[in-house]
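J.: To start, I am sharing the structure in question, which I have written as structure tokens.
Each value in this text was obtained by applying a stated rule to the coordinates, not by laboratory testing. This is a predicted model, so every value here is computed, not measured. Quick reminder, even Gly has a Cβ in these numbers, built from the backbone with ideal geometry, and neighbours come from all protein chains shown.
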Amino acid sequence: MEKQIINSKSAPAPIGPYNQAVKTGNLLFISGQIALDAITGELVNESISAETTQVMQNLKAILNEAGKSFSAVVKTTIFLSSMEHFTTVNEVYASYFEGDFPARETVAVAGLPKNVNVEISMIAAL
């Protein structure tokens, strides 16, 4: 099966050996995004709400690059530094979807890249 690499200049460049997204068949796999600003390269982390908003904006930019929106998302994974952030992250996350939500799991982990509080990955149908 052929794969196509998707990268958006409106989302931060990968900080490791991976691509922002890979399209294969009728699926788009979006790598976990953290709250890096694509223009400045700085973390947006003054609050968990601001951090989550930046993550979702980065995901939106990648979806847009692939010609899709959040309505195409079928699965997400949310990684949190603490379950204390669960309610706020849910509120911000939910605001990006209209109607049906994708399948999802949310887990607390011991650490995330650049010591962020939230990272989200997605799978979208094309």
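J.: Rounded to whole Å, give me the distance from the Cα center of region 94-126 to that of region 1-51.
T.: Taking the Cα centre of each part, region 94-126 and region 1-51 sit 12 Å apart.
J.: Which percentage, to the nearest 5, of the DSSP beta bridges contained in the chain is antiparallel?
T.: 80 percent
J.: Now a separate question. For region 3-124, calculate the relative contact order in percent as a whole number, restricting contacts to Cα pairs under 8 Å that are 6 or more residues apart.
T.: 31 percent
J.: How far, in degrees from 0 to 90, does helix 48-65 lean away from the longest principal axis of the Cα atoms of the chain, to the nearest 10?
T.: Approximately 10 degrees, to the nearest ten.
J.: At most 14 other Cβ atoms within 10 Å and a DSSP loop assignment: could you name the trypsin sites (Lys or Arg not before Pro) in region 6-64 that fit?
T.: 9
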